[in-house]
Amino acid sequence: MSPEDFDLLRPHLGPVALDLHDVVVQPDLPIDDVYFLEGGLASVVVEGEERKQSEVGLVGREGLIGIPILLGVDKTPHKVFMQVAGSAQRISVTDLRKILPRSPTLHTHLLRYVNEFMLQVAQTAYANARFHLDQRLARWMLMAQDRLGTDHVPLTHEFLALMLGVRRPGVTETIHILEGLKAIRNRRCEITILDRNKLQTIAGPAYDETSMASENGIAATSRPASSITS
C-alpha cells in the first residue's frame with residue numbers, strides 16, 4: 001500500500017503474538033479485530049458434523065484475517081485459527097471502519113486481496129473435487145511455502161489429514177511417495193521442501209491458479225531461493 005495509506009493505519013496498529021492453535025475468528029460471533037499477518041499461517045475452516053473441520057483457505061504474510069469486515073459483514077460461519085505460530089499487527093474493527101471512508105485507495109487495495117482470497121477458495125474447491133491426493137498435498141505445501149517464506153513447514157500428518165479432509169493413512173502414504181521422489185523430507189512435526197519444481201510438476205493445474213496470490217496480496221513476499229532446484 002502507499003505510504004500515505006499506511007500512515008492512516010499506523011497509529012491504530014498494535015503488535016500481537018499469535019500462538020499455535022490460537023483462534024482469531026470464532027464462527028458466528030462478532031469480529032472485533034482485523035489482523036495483518038507478519039508471520040505464521042492461519043487456516044480458514046468449515047466445521048461440519050461431529051465438529052469435523054475442512055480447510056477452505058490459507059492466510060499468511062500476504063494477507064489479513066477479518067475479510068468479512070471489508071465486505072460490510074460482522075460475522076462469518078467459518079473459524080480462523082493459527083496452524084503455524086506467528087505475529088501480526090492488529091487493528092480494531094471500529095478504527096478500521098473510521099479509516100476506510102477517508103481513503104478509497106486503501107479500501108480498494110484491501111478489496112484486491114479479498115478478490116485474491118476468493119480465487120484461492122474457489123481453486124481449493126476445484127482441486128478437492130478434481131485432483132488426486134498427491135496433487136492436492138503438493139499444492140497445499142506450495143501454498144504454505146509461499147505464505148511462510150521458508151522451506152520448513154511445521155505440521156503433523158494428523159493435522160494435514162484434517163485440513164485436507166482425508167484419512168491420516170492416506171496422507172502418510174502420499175508423503176512417503178513425495179519423499180521417494182525427493183520433493184520433500186519428512187521429520188517429526190516438520191516437512192521440508194527439497195525441490196519446489198518437482199512439487200509444482202506434481203500439483204500441475206491444481207496449483208496454477210493460486211500460484212500468484214501471495215504476489216498480489218497486501219504485503220510483498222518472496223519465495224525462498226533454496227527451494228528452487230535445477
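Contact annotation: no residue pair with Cβ atoms under 6 Å, 6 or more positions apart or on different chains, pairs a residue in region 167-183 that is farther than 12 Å from ILE202 by Cα and modelled with pLDDT of 85 or more with a partner that is surrounded by 14 or more Cβ atoms within 10 Å (Cβ to Cβ) and among the basic types (Lys, Arg).
Within region 63-93, the set of residues being small (Gly, Ala, Ser) and either without any contact (Cβ under 8 Å) to a residue 24 or more places away in the chain or in contact with a Pro (Cβ under 9 Å, 6 or more places away or on another chain) (or both) comprises GLY72, ALA85, SER87, ALA88.
Every test in (1) in contact with a strand residue (DSSP E or B) (Cβ under 9 Å, 6 or more places away or on another chain); (2) not assigned by TED's automatic domain parsing to the domain that holds ARG10 is passed by MET82 save one, and that test is (2). Tell me, yes or no, whether region 199-207 has at least one residue that is under 16 Å from ASP146 (Cβ atoms), among the small types (Gly, Ala, Ser) and either loosely packed, with under 13 Cβ neighbours inside 10 Å or modelled with pLDDT under 90 (or both). No, every residue in region 199-207 fails to be under 16 Å from ASP146 (Cβ atoms), among the small types (Gly, Ala, Ser) and either loosely packed, with under 13 Cβ neighbours inside 10 Å or modelled with pLDDT under 90 (or both). Could you please find all residues in region 74-97 being within 18 Å of SER2 (Cα to Cα) and either in contact with a Cys (Cβ under 7 Å, 6 or more places away or on another chain) or not hydrophobic (A, V, I, L, M, F, W, C) (or both)? GLN89 - this is the single residue of region 74-97 that is within 18 Å of SER2 (Cα to Cα) and either in contact with a Cys (Cβ under 7 Å, 6 or more places away or on another chain) or not hydrophobic (A, V, I, L, M, F, W, C) (or both).
Restricting GLU158, GLU55, GLU116 to those that are closer than 28 Å to GLY204 by Cβ and more than 15 Å from the chain's Cα centre (by Cα) reduces the list to GLU158.
Scanning region 41-80 for residues being buried (at least 20 other Cβ atoms within 10 Å of the Cβ) and on the phi > 0 side of the Ramachandran plot gives a total of 1.
Out of GLN120, GLN135, report the one residue that is polar (S, T, N, Q) and either assigned to a loop (DSSP other than H, G, I, E, B) or closer than 23 Å to ARG61 by Cβ (or both).
One residue alone meets the criteria, GLN120.
Within region 144-160, identify whether any single residue is under 27 Å from PHE6 (Cβ atoms) and either at pLDDT below 90 or basic (Lys, Arg) (or both), and answer yes or no. Yes. Scanning region 171-208 for residues that are assigned to a helix (DSSP H, G or I) and touching a strand residue (DSSP E or B) at 6+ places or on another chain (Cβ under 6 Å) yields ILE175, LEU178, GLU179.
The values are calculated or read from the model by the stated rules, or taken from the named source; none is laboratory data. A quick note: this is a predicted structure, and the numbers were derived from the prediction, not measured. Reconstructed Cβ throughout: ideal geometry from the backbone, glycine too, with neighbour counts over all protein chains shown.
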